[in-house]
1. Restricting attention to the stretch 269-306, report how many residues are over 30 Å from Ala247 (Cβ atoms), open to solvent by 20 Å² or more (accessible area, probe 1.4 Å) and assigned to a helix (DSSP H, G or I).
2. Does Glu30 fit the bill of being within 26 Å of the chain's Cα centre (by Cα) and open to solvent by 40 Å² or more (accessible area, probe 1.4 Å)?
3. Going by what's in this entry, would Ala185 be described as open to solvent by less than 20 Å² (accessible area, probe 1.4 Å), in contact with a Leu (Cβ under 8 Å, 6 or more places away or on another chain) and closer than 28 Å to Leu304 by Cα?
4. So which residues in the stretch 135-152 are among the small types (Gly, Ala, Ser) and within 15 Å of Arg183 (Cβ to Cβ)?
5. Say whether the condition of being open to solvent by 60 Å² or more (accessible area, probe 1.4 Å), of a type in the set (Val, Ile, Thr), at pLDDT 90 or above and under 28 Å from Val270 (Cα atoms) is met by at least one residue in the stretch 316-337.
6. Looking at (1) modelled with pLDDT of 90 or more; (2) exposed (fewer than 14 other Cβ atoms within 10 Å of the Cβ); (3) under 19 Å from the mean Cα position of the chain (by Cα), which is the only condition Leu232 fails?
7. When both residues are 6+ apart or on different chains and their Cβ atoms are under 7 Å apart, which pairs have a first residue that lies in the stretch 220-241 and is on the phi > 0 side of the Ramachandran plot, and a second that is β-branched (Val, Ile, Thr) and open to solvent by less than 30 Å² (accessible area, probe 1.4 Å)?
8. Give the residues of the stretch 165-180 that are open to solvent by 50 Å² or more (accessible area, probe 1.4 Å), under 25 Å from Ala207 (Cβ atoms) and touching a strand residue (DSSP E or B) at 6+ places or on another chain (Cβ under 7 Å), sorted by residue number.
Amino acid sequence: MPAQAYAGKECVCQLRRGICDQSCVQGMLETPFYIACLRLTGRRCVVVGGGDVGLEKVEGLLACDADVTLIAPDAIAPLRELAAEGSIAWERRPYATGDLEATFMVIAATSDTDVNIRVFEDAERRAMLVNVVDVPPLCNFILPAIVRTGPLAIAISTAGASPALAKRLKREIGEIYGEPYARLAVILNGWRLRVPLRWTMHLAAPALAAAYALGRVGCFLVNDDYGRPSSLPWAMKFPRGLPATTAGNMQQLFGIPVPPGTDPGTVLAVHPTQLYETAIMLGVFMVLWRLRTGDRPIGWLFGLYLVLAGVERFVIEILRAKDDRFLGPFTIAQLTSVILIAIGAALLSTWSKGASPAPGAYLETGKRGS
């Protein structure tokens with residue numbers, strides 16, 4: 001929720017105005033934020049609050065290998081499952097001041113103003129990172145929307161002015177700077193290490209397939225990039241989707257017809273195309289992993305990856321709810337898929353002949369050290 005939405009409502013910040021007069025956020029849009037990427041591996045991070053928002057923050061921290069502790073008297077089922085399997089530590093009680101000892105970061109995701117203020121003040125006394133969800137005055141850092149594909153991560157922030165706009169930008173940027181740019185990042189890293197291009201492509205092919213599969217799980221978790229309405233048993237509803245899978249959105253945004261008389265606010269079940277892609281690309285990963293050894297020419301594996309990935313995306317686009325049509329029923333993603341298939345086929349044809357290049361000094365050194 002943007003800070004401006006609190007105007008005239010109950011004050012939820014440390015100023016305790018009674019009724020919010022926006023004095024705590026005056027000038028916030030002019031505040032220059034220092035953008036950084038934090039390495040959280042092994043660091044203790046605390047989440048206060050066991051609801052849906054708490055789950056979202058816990059999952060984000062786990063994705064970065066943080067050592068996560070949840071503090072809440074009760075928690076929703078997914079959080080209880082994470083605690084039961086040992087992925088997080090769960091303190092089943094209300095928040096206490098001592099909970100922030102030896103903690104790198106705390107995120108408060110509660111609806112209790114007094115608890116939120118205590119968390120903020122305790123963290124500020126310790127000069128540590130603190131974010132109280134949806135209350136910008138109780139934050140010394142904000143969480144941008146993230147587009148993450150393989151090694152590529154793009155952060156989008158509106159300085160709290162409009163989270164809805166940030167989500168829209170995330171979706172649009174994800175469509176433009178997606179998998180092809182993640183592949184480019186891997187290739188450029190190989191060049192930086194002076195690894196021959198064909199070796200970089202060859203070694204990266206299985207990893208790229210696995211990364212794409214995991215990236216689609218991220219789309220599923222944020223309820224984005226889903227499919228057309230379906231009556232199949234495994235069809236799913238996304239009431240919090242980007243946008244929600246309502247009959248009105250299907251008609252107005254995607255041009256998909258719905259049964260006459262259907263209430264525009266009705267949430268429809270759709271194809272979970274994100275999970276389809278995850279399953280297919282994991283299959284592609286296993287195929288590439290099995291084929292990685294042998295006497296095939298170096299680089300051949302990358303050509304095969306491009307062909308399989310292009311075919312997969314082209315087919316999935318038939319089922320996806322889409323608003324990026326390019327040529328009639330075809331989408332920009334399908335055009336990209338055709339290009340990938342063509343490039344992959346050309347590489348397979350070209351690199352199936354002749355000798356493979358030498359691995360280069362970096363890979364040779366790695367071999368000698370293993």
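1. 10
2. No; evaluated as a whole, the condition is false for this residue.
3. For Ala185, the condition - open to solvent by less than 20 Å² (accessible area, probe 1.4 Å), in contact with a Leu (Cβ under 8 Å, 6 or more places away or on another chain) and closer than 28 Å to Leu304 by Cα - is not met.
4. Of everything in the stretch 135-152, just one residue is among the small types (Gly, Ala, Ser) and within 15 Å of Arg183 (Cβ to Cβ), namely Gly150.
5. no
6. For Leu232, the exception is condition (3).
7. Asp225/Thr273
8. Tyr177
The values are calculated or read from the model by the stated rules, or taken from the named source; none is laboratory data. From a predicted model like this one, the values you see are computed outputs, not experimental measurements. Please note: Cβ atoms are built from the backbone with ideal geometry, for glycine as well, and neighbour counts cover all protein chains shown. Surface accessibility is based on the protein's heavy atoms, side chains included, excluding ligands, DNA and RNA. Shrake-Rupley method; radii C 1.70, N 1.55, O 1.52, S 1.80 Å.
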